[in-house]
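The values are calculated or read from the model by the stated rules, or taken from the named source; none is laboratory data. This one's a predicted model, so the numbers in the text were calculated from it and none came from an experiment. Using ideal geometry, Cβ is built from the backbone for each residue, glycine included, and neighbour counts are taken over all protein chains shown.
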């Protein structure tokens with residue numbers, strides 16, 4: 001069957017097609033309800049965790065307090081690390097639900113749902129069949145990383161959704177030059193830049209450069225017209241008023257240091273060049289097992305996809321290469337590439353769902369989940385005080401292992417679609433059951449709420465800003481509801497102790513400081529955090545006569 005741009009697409013029904021890979025509409029509903037239930041339970045039973053969640057929540061809290069949505073602050077000082085759109089969405093959630101983990105998760109839940117919708121739109125734009133639209137959404141929403149992120153206060157799912165919606169319009173522009181697609185492309189780009197910066201531009205416009213003359217024609221359609229000015233105006237609507245408040249130094253920090261500077265000389269997240277090659281297959285589980293043969297099939301038969309559809313594998317591969325060349329890397333950066341990867345995997349499955357290679361890939365994905373389940377059953381906790389019992393490790397292992405066993409059995413029965421459906425349930429089930437077992441230990445490792453409560457009890461808020469030695473964790477500010485002042489000189493610490501103030505300090509810093517200066521103090525609170533302890537110290541009691 002010919003597509004709208006004269007190429008052959010994959011809409012031709014094949015033997016066993018409808019039986020093997022029928023519509024997963026009911027499965028998608030089950031997945032959404034299951035994962036939402038687990039996410040909502042988890043965020044209502046835990047504290048916001050350091051460092052990112054408490055930092056983002058505190059920025060939104062200060063936005064509400066100052067009433068200025070343009071100039072972001074953290075601890076009363078300019079916050080330049082992220083653009084404002086995520087905080088504009090988070091602030092109303094906080095105003096309604098309070099400074100809680102649930103409020104922080106609302107933007108991620110919205111981003112996860114929007115990402116699934118955007119993936120189905122992308123499949124349609126690429127002339128893939130209806131089943132690909134529905135299966136693509138299921139795959140991207142049940143991959144390990146997107147499913148886990150739904151319960152966290154992060155901007156990555158929203159950013160991935162904007163990137164996918166922009167890619168959908170770029171794919172449409174590859175088939176025809178349409179003014180509406182052109183303008184919407186730049187609306188999504190503007191929203192992406194306002195969420196996480198200009199990285200979206202590289203994801204979208206580097207891949208066409210490898211497509212020769214057709215790619216250059218596509219770039220011409222993207223940049224010819226009022227769209228770039230519209231995207232620039234959206235960003236300028238924030239950047240100009242914020243720059244007027246923050247001044248030249250603020251503008252240089254945001255535009256140069258936080259954007260271009262991170263690309264060539266990252267000041268955080270330094271990893272080796274092969275980092276994403278090792279991490280992406282894990283974060284894309286269980287579907288990474290299907291992506292590799294899909295990419296191989298596309299490279300062997302590139303014209304099996306429509307002209308716009310050929311952007312999908314190029315988008316993923318060029319994106320991975322680009323991210324590998326960056327100096328800073330985290331497991332979250334490739335997330336916007338997941339929809340294209342999942343659609344390539346679905347396209348490959350739909351071409352011959354009864355094929356031996358396809359069934360072997362599904363069986364391989366099931367076996368990988370079984371190995372992960374076995375690892376969970378034998379996992380050793382990082383600290384004795386958070387070690388899980390046998391019952392908890394069994395629940396964690398079963399949440400992945402049982403769906404994997406069902407999927408493996410169905411794959412051998414030649415029921416490819418049903419096997420994929422069983423695997424699609426595995427990660428949401430892990431989130432639902434796993435969170436019930438992990439929330440308590442994780443809270444003990446990652447929450448600074450006990451420190452905040454102890455500090456306010458020892459050093460009441462009416463004393464003014466809190467005091468911390470050497471290193472300021474965002475949770476100190478968030479959980480006490482007050483700003484903190486950083487002490488870096490022993491003389492300042494001595495003066496604060498003599499004034500009757502409480503000071504937060506890490507146990508290792510306390511030992512080094514005592515050995516170097518001979519200062520003495522009383523430990524008024526000692527609480528575990530990660531792999532160390534946090535102390536609240538006060539002046540020693542006066543000696544008796």
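Go through (1) modelled with pLDDT of 85 or more; (2) touching a helix residue (DSSP H, G or I) at 6+ places or on another chain (Cβ under 7 Å); (3) farther than 20 Å from residue 296 by Cβ; (4) surrounded by fewer than 20 Cβ atoms within 10 Å (Cβ to Cβ) one by one and return the number of the condition residue 398 breaks. It fails just one condition, (2). For the range 80-94, filtering for residues that are in a loop (DSSP other than H, G, I, E, B) and surrounded by 19 or more Cβ atoms within 10 Å (Cβ to Cβ) leaves 4.
For the range 230-247, indicate whether the set of residues that are over 28 Å from the mean Cα position of the chain (by Cα), surrounded by 17 or more Cβ atoms within 10 Å (Cβ to Cβ), in contact (Cβ under 8 Å) with a residue 12 or more places away in the chain and assigned to a helix (DSSP H, G or I) is non-empty. There is at least one residue in the range 230-247 that is over 28 Å from the mean Cα position of the chain (by Cα), surrounded by 17 or more Cβ atoms within 10 Å (Cβ to Cβ), in contact (Cβ under 8 Å) with a residue 12 or more places away in the chain and assigned to a helix (DSSP H, G or I). Of the residues examined, residue 144 is not one that is farther than 27 Å from residue 110 by Cα and touching a residue at least 40 places away in the same chain (Cβ under 8 Å).
One line per residue, one yes/no per condition, for (1) at pLDDT 95 or above; (2) closer than 16 Å to residue 342 by Cβ; (3) within 15 Å of the chain's Cα centre (by Cα):
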site: 82; (1), (2), (3): no, no, yes
site: 99; (1), (2), (3): no, no, no
site: 105; (1), (2), (3): yes, no, yes
site: 108; (1), (2), (3): yes, no, yes
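Listed by position, the helices (runs of 4 or more DSSP H) contained in the range 443-545 that have at least 3 residues being within 29 Å of the chain's Cα centre (by Cα) are 449-458, 474-480. In this structure, residue 132 does not qualify as modelled with pLDDT of 95 or more, assigned by TED's automatic domain parsing to the domain that holds residue 252, in a helix (DSSP H, G or I) and closer than 22 Å to residue 204 by Cβ.
Inside the range 325-342, residues that are closer than 18 Å to residue 209 by Cα and modelled with pLDDT under 95 make up a count of 1. Which residue is modelled with the highest pLDDT, if the candidates are limited to the range 373-390 and must be assigned to a helix (DSSP H, G or I) and surrounded by fewer than 20 Cβ atoms within 10 Å (Cβ to Cβ)? Result: 374. Only residues that are touching a residue at least 60 places away in the same chain (Cβ under 8 Å) and assigned to a helix (DSSP H, G or I) were counted across the range 152-172, and they come to 11.
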